[in-house]
Structure formats: structure tokens, C-alpha cells
Amino acid sequence: VHGDLTLMRLALLLVAVALGAWAVGPVGPRITDLYSAPEVTGEPLVAGGVRYWPLKGDYGMGAKWPVEHFYVEMSDGVKLFTSVWVLAGKESTPSSAVLDRSPYGPSTEETADLWLPDGFVAVMQNMRGTGLSEGRFCFWHCEAADAGTTMAWMVAFPWSNGIVFETGASADGMNAYASLLQPQPSLKALFPFWATGQAYETVYQNGAFRESLVKSWLDSIQAQRPWEPSFVDVIYEQEAYSDWWAQISITNASNITQPLVHWAGWYDIFLQMQLNTFATLQGGSGTQRLVVGPRGHCFFEDFRKFPDDRYAEVFSYELATELFLRLSGQPADTSPLSTLTLYVMGSNETNAPGNYWTTLSEWPAATPQPWFLAPGGALSRTPAAASTQTTYLYDPSNPVPTIGGNNLFIPCGPQDQTPVESRPDVLVFTTEAFTEPVSITGNIVVTLYVSSSANDTDFTVKITDVFPDGGPSILLTDSIQRMRWRNSNTVPELMVPGTVYEVVIEMWATAFVFNTGHSVRLAVSSSNAPRFAPNPNNGYPIAITALYPAVNALNTVYYGGQYAATVQLPIVSGTISSVSR
């Protein structure tokens, strides 16, 4: 850690994300309401074969750093608002540039605050259809091409040495990943955080629409251009995975050469998709580094503290700075961190195991340990000899309310689930109290056997850390399966009412140590709203389902005997060694 300067810059990282959240939030004016349209001055200039116009005005920027604003023309004639910060006296000194492309405009000085002190040029651009840029928002379908045009323009200036790095949080980070969807000769490395390069599962998790995240965010983007059609309707029409999604997803890295530093969070909205993106890019030729802290987008919540969680910013920023400086031919400190740097979570108790950092060359080997659903609401290490079934009524008009989880616009994180666990439409199964700490790292897998009176329904699962003596049941991870998408994400297949189906749900990854005296709990239901849009059980596509009546469903869970319903915990032996800081 490089003292107070590093900590200040890390704070600015969070401020930058906070400003983005404010720009899309429900309280107060949106940033674009505060500024008039850019005033173009004179005839267009040309750099790198790209036309551009210098702009008048400061657009709310402070005077801390020298900045110029431009309209940069894309290949289809759309002009994007772009801000460039160059240190005074360095206008003709070739330097590497750090690019951040964002929907949260017009721009903020935080990009300059982070990168100018290390000698970089900082460039920030509003995506098309957002901020002060022209055009219509394209849901990342145009972002690789727009990034390529922008970088060709950047490297034509006297301040450029021809090297561009890309960074960004959340939607900005998704832009960074999207740049890799086509060759980018000038792009040498990236630092995306709290983001993903795989789009479909971000929107439809196992077929279920992530309503509070996706609809709220798209509504906020449309609010910047209220005369444009809603992109929510477009997403509804793309319920099935198709080439439309493949075009904006990193599914193969054989032609990707750039090294990346990825920063994720166990309770982040993009967690599993970012881990999948990292894994895919490990198949390319560029070195990949991953930092996983506890929070991600959930850093605003103060319901509990994770000791030393601030090092997520320290570790990721140091890795990125080292990478960018080294590729620029500049001296850089060598980080002791390995390929994976993970925060291993634990319960919020004094001297509880867990709540520390570790750095590893690969994911720790985990042994799946099955716990069987058993009568009396138990999770047992041995299966019950006789089969049992439990039925509950799922009413789409009375869904189980969301309490915590990997959310953005609603409360997030490890919150107590006991307020909803006593509902008649929630089934709970709990282990006996552990006699020693139990460490897990990886994906918990839940296997259910289910049926329904409807031709389509959902099954939700939650895994919680249950404190002793009637204490809270703290959410660790949750997931869902929309049944018509159980076999494929391209072709729906309705249920036959009364038929029993096996459903295997792989939860999002986690790293956690259960304390002595604690238990693991599985909660099964059929809704978790508004995190996921409630299933109306009528089997119709989401684009038209509201035109037809919702149906109550009698849903049944089978376990014991021939139905080996289980929770498989990814057990790691002992406790993963910690890294001191």
C-alpha cells in the first residue's frame, strides 16, 4: 500500500460509482438535467481518420485538472461526448491513456484523479444514447465498434504513445469487457470491476427475469431520453438465448491477448457472470488476475461490517496500476498477489473463523459434501429410507418478499431471512449444529425433485448461515429455476402437471467459514420478488404473459427414498491460509 495517496484514490473509486448510482437513482435530478446540450465550435477536425469537434463549456467539471471536451463521430455519424485530461505541460509528451466509457454522464473528474498522478492521460466518454452523447442506447451491441473508433481517435494525438488501457465499474466495466468482442490494436490491458462480459444470465437467471435490477436500470437509462422506446420491451422479446445475446458476450477467448485485472464481489449483482468471464478469458493468451471482495455494488449497506474488506480496492487498484505502468515501459512495484485474491467470509461474531484475505494460484480443491433433505425439516448426512412429499400453495399475487442478496436498487447483502421463513409457502431444511468450523469455497449445488399443478412455475432456493439459540438466518447465496427453461435456455419446455422433475440448481460461488454451533439452512419456495419477476404460472412468454390470467400453483417437493434431494457443499479441508497486509 502506498500510504495515504493510495487510500485517497481508492475512496475516489467508490465516489465515482456512487455518482453513477446517483445518476440512475430515484432521488434527485439526473446529471443530464443539469446541463445544456454541448455547443459545437467551428468545422470538424480529423484525428486518426475520425472527425471530432472541440466543445465550449466546463459541463460541471472542476478546475483541478486541465480538461478538454469533444464530440467524437462514430462510424455511423453519431457523435459521442468525450472528455480528455492531460497534465499541464504534457500535451505533446507521448503517454499511455486510460479510457472509461460510461452511461453516467456527462463526465466526472474521478477518472483523472485516479490515473493522472501516475502519468497517464485520462479519457471519459458517454455511451451513445446517454449523458450528452447522441444516438440511441444499444445495450452493448455497438460498444465494441464505438470503443474502436474512439481509441483510433485517441492514439492520433501528440499526447498518445499509442497505448490505451480501459477501465470502469458496473456498466462502464461492461463496456470494457465489450471492447474485447472485436480486435482493438491499441488496447493493451483492462481493469473492469463489478461488471460482466456475459450478458444473458445477467438478465435471465436460469430463465427468471431479474426484475428489480434490469427493469429499474433500463428505466433509468430511458429517463435520459424519455422520447425513446423502452428497452425493457426489447429485453422481453429476447427471453430465449440467441445470437442477439451471443453478439455481446465473451464466450471464446482464443483471439483475446490482453491481460486483465478483474474485481468482483461475493454479494455483487454480476458476481457469477464476472467469475465466468474471468474463467473464459483464462483461455486466452493474456494473464488474468481476479480479486473478489465481499461487497461489490453492495458497499453502501451498513447492516454488517466485513473486517479489512477495504483491501478489495487496495489489492485490485495496485494490480491494475502495476500492469498499466509495466506495459507502458514505466517502473512499477511488483505485487506479491497471485492469480486469485479472495476474501473468505465468516459470521459477524467476535473471533469467528473467516473474514480474512487469501491469495492463491488457482481455486482451492473442494470436495462436494451432500446433505439430504429429510422429514421434519432436516438436512441429514444420510438419506431417508422412505420418500416424503411436501406441498404448498404458490400465489403469484402474494410472492415471498426479497430480503437481501445480490441486488442494486433494493436492500442487498447478507440479511436475516427469518421474517419470511415462517411463511406457509416456504419450506426450510436445516443441518444439526456444527461441532467445528466448516469451510466452503465454490458453488453450492442444490438438487430438487418437484412437481406442480401448473404447466410452468418457479422454484427458488436460499442457503443461509443459521446462528445458534434461535438466532438469525443470514443469507449466503440464493438462486431460482424457471421451469419452462429447465432443460435449455434456447427452447422452452412446459411442465406436465403432476409429473415429477429433477432440477439441479448451481448457486453463485461463495467462500465462507461456518462457525462452531452454527447450521446450514436450505429454504425452498417459488418466488423472491422483486429480485425476480413472479412467475404467473400460465406458461406464456414474458412479453405477453400479462395478457393472460395468472394461475395459483400447488407445488410439491419430494425427498427421501427414490428422491435423493440434496444440498452439496463445496468443502475445503481446514481453513484456507490467510495473507497478511
Neighbourhood charge, 12 Å Cβ-Cβ cut-off, centred on Gln205 and excluding it, Lys, Arg +1 and Asp, Glu -1: -2
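Report the extension gain between Asp243 and Thr334 in nm, rounded to one decimal, defined as 0.36 nm multiplied by the number of residues separating them, less their alpha carbon distance.
Here the segment from Asp243 to Thr334 would lengthen by 28.6 nm.
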Table column - 3J(HN,Hα) (Hz), the range 86-93, Karplus curve with 6.51, -1.76, 1.60, x for Gly and Pro: 10, 4, 4, x, 10, 5, 10, 9
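Label the range 48-113 by shape, choosing from rounded, prolate and oblate, from the square roots a ≥ b ≥ c of the eigenvalues of the Cα gyration tensor; if a/c is under 1.5 it is rounded, and otherwise prolate applies when a/b is larger than b/c, oblate when it is not.
Oblate shape, in that a/c is at least 1.5 and b/c is the bigger or equal ratio.
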The chain - percent relative contact order, Cα under 8 Å, separation 6 or more: 13 percent
The chain: angle of helix 211-224 to the longest principal axis, Cα-based, in degrees nearest 10: 20 degrees
Euclidean distance between Cα centres, the range 536-554 to the range 319-346, Å: 49 Å
Cα convex hull volume per residue for the range 101-172 (Å³): 93 Å³
Spin-label model distance (nm) - Ala546 vs Ser488, 7 Å beyond Cα toward Cβ: 2.9 nm
Taking only Cα atoms of the range 188-244, radius of gyration then Dmax in Å: 13.2, 38
Neighbourhood charge, 15 Å Cβ-Cβ cut-off, centred on Val78 and excluding it, Lys, Arg +1 and Asp, Glu -1: 0
Largest-first ordering by accessible area, 1.4 Å probe, given options Tyr449, Tyr317, Tyr548: Tyr548, Tyr449, Tyr317
Cα-based helix-to-principal-axis angle, 143-154 vs the chain, degrees rounded to 10: 30 degrees
Accessible surface, 1.4 Å probe, highest first, among residues Leu281, Leu87, Leu494: Leu494, Leu87, Leu281
Pairwise label distance in nanometres, Val496 with Arg310, each label 7 Å out on the Cα-Cβ vector: 6.1 nm
Rounded tilt (10° steps) of 3-24 against the dominant C-alpha axis of the chain: 80 degrees
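Restricting to bridges with both residues inside the chain, how much of the DSSP beta-bridge set is antiparallel, in percent to the nearest 5?
Working: 84 of 115 bridges.
So the antiparallel bridges amount to about 75 percent of the total.
So what is the 222 nm mean residue ellipticity for the chain from helices alone, if each DSSP H run of at least 4 adds -39500 (n - 2.57) and you divide by all residues, rounding to the nearest 500 deg cm²/dmol?
Helix-only estimate at 222 nm: -5500 deg cm²/dmol.
Which value, in nm² and rounded to one decimal, describes the direction-averaged projected area of the C-alpha convex hull of the range 420-464?
Mean orientational projected area (the range 420-464, Cα hull): 5.0 nm².
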Which of Thr111, Thr251, Thr499 is most accessible, then next, and so on - probe 1.4 Å: Thr251, Thr499, Thr111
Surface accessible to a 1.4 Å probe, Trp159 within the full protein complex, Å²: 20 Å²
Nonlocal amide H pairs with Thr457, under 5 Å, H built at 1.01 Å: Met483, Arg484
Global geometry of the range 401-530, whether rounded, prolate or oblate, following the gyration tensor of its Cα atoms and the 1.5 cut on a/c: prolate
Proximal lysines relative to Lys188, as straight alpha-carbon distance under 30 Å, when same-chain residues fewer than 8 apart are discounted: Lys64, Lys79, Lys90
Gyration tensor (alpha-carbon) shape descriptor, the chain, a/c threshold 1.5: prolate
Using θ = phi - 60° and Karplus 6.51 cos²θ - 1.76 cosθ + 1.60, couplings along the range 359-369 (whole Hz; Gly, Pro as x): 10, 9, 7, 7, 4, x, 5, 10, 9, x, 10
Difference of contour (0.36 nm per residue) and Cα-Cα distance, Asp395 to Glu432: 10.2 nm
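The values are calculated or read from the model by the stated rules, or taken from the named source; none is laboratory data. Quantities reported herein were computed from a predicted structural model and do not represent experimental measurements. Cβ: placed from backbone, ideal geometry, glycine included. Neighbour counts: every protein chain shown. With ligands, DNA and RNA removed, areas are computed over all heavy atoms of the protein, side chains included. Shrake-Rupley method; radii C 1.70, N 1.55, O 1.52, S 1.80 Å.
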